[in-house]
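In what follows, a single structure is set out as structure tokens and then discussed.
The values are calculated or read from the model by the stated rules, or taken from the named source; none is laboratory data. Keep in mind the model is a prediction, meaning the values are calculated, not measured. Don't worry about glycine lacking a Cβ; one is built from the backbone with ideal geometry, like all the others, and counts go over all protein chains shown.
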Amino acid sequence: MEVMFVESRYKGRLSDGLIGKIEEAIKDYKKINLVASVQYLNQMDELTQKIKDKEFVIKQSKYRAMHKGQILGCDVYAADCPECDAILSLTQGYFHVLGIPIKYDKPVINVDPETGEIEVIDKKMADKYRKRILQGIGLALSAKKIMFVESTKAGQTYGAKMLKKAMEQKGIEVYSLVADEINFNRLNEFRDIDVFVSTACQRIAIDEMDKVEKPIINAEDLESYFLKQSAE
């Protein structure tokens, strides 16, 4: 099966009300690094045209991101701007921006162009999520029962055959839940599962971790720890 990824752009406009809220949020900063997830790249141009009294810097990542100013969950190098006072990001949720305050010690003002919500993502918040991810990894390493949460959607499945096999060899009972949509209430019904491991969209185990009573972590986050331990 051949999978083709096609970029999609948000076609909405930034309202005057949202522009006003953004201006208020960045009023104490002069030079601002501007980044966005792929669907909001067009809104960066709109923002710089409407806010004239600030100096915006848009940088090209040298890693995976293809477009100037683009950030990914695994690539926030477009936010590397030592001369900037703050970072303004156009994204949804925390998945894309959590790595920024961990890597770069600067205020991150996160704007959701669709809901109009604005939130400051600081290192303290990022560390809270990172701590919970590490706690989940620790529990997975000593778990008795683990359930993999897998999506049937094309392009949203991370291959984890080696990880599953390593867990089974360690004596862990491994289960799989395959679904088109992830129902968190249904996950909470699996009381005897110690940890959920998501092989679907990485945002599920970050943005939605509070909806699951047991730890839920991404397979990619767990794999390097588990396979390394298994090899020792």
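Worth pointing out:
- Of the helices (runs of 4 or more DSSP H) lying entirely inside the stretch 145-211, the ones with 1 or more residues being under 22 Å from the mean Cα position of the chain (by Cα) and either under 25 Å from residue 92 (Cα atoms) or not assigned by TED's automatic domain parsing to the domain that holds residue 134 (or both) are found at 184-187, 204-207.
- Some residue of the stretch 175-195 being touching a strand residue (DSSP E or B) at 6+ places or on another chain (Cβ under 7 Å), modelled with pLDDT of 85 or more and closer than 14 Å to residue 137 by Cβ: yes
- Any chance residue 65 is crowded, with 16+ Cβ neighbours inside 10 Å, of a type in the set (A, V, I, L, M) and at pLDDT 90 or above: no
- Counting the residues of the stretch 78-93 that are touching a residue at least 12 places away in the same chain (Cβ under 8 Å), more than 24 Å from residue 11 (Cβ to Cβ) and surrounded by fewer than 21 Cβ atoms within 10 Å (Cβ to Cβ) gives 5.
- Qualifying residue in the stretch 98-106 (condition: touching a residue at least 12 places away in the same chain (Cβ under 8 Å), outside the structural domain of residue 201 (by TED's automatic domain parsing) and part of a strand (DSSP E or B)): no
- Residues in the stretch 110-132 that are assigned to a strand (DSSP E or B) and surrounded by fewer than 19 Cβ atoms within 10 Å (Cβ to Cβ): 118, 119, 120.
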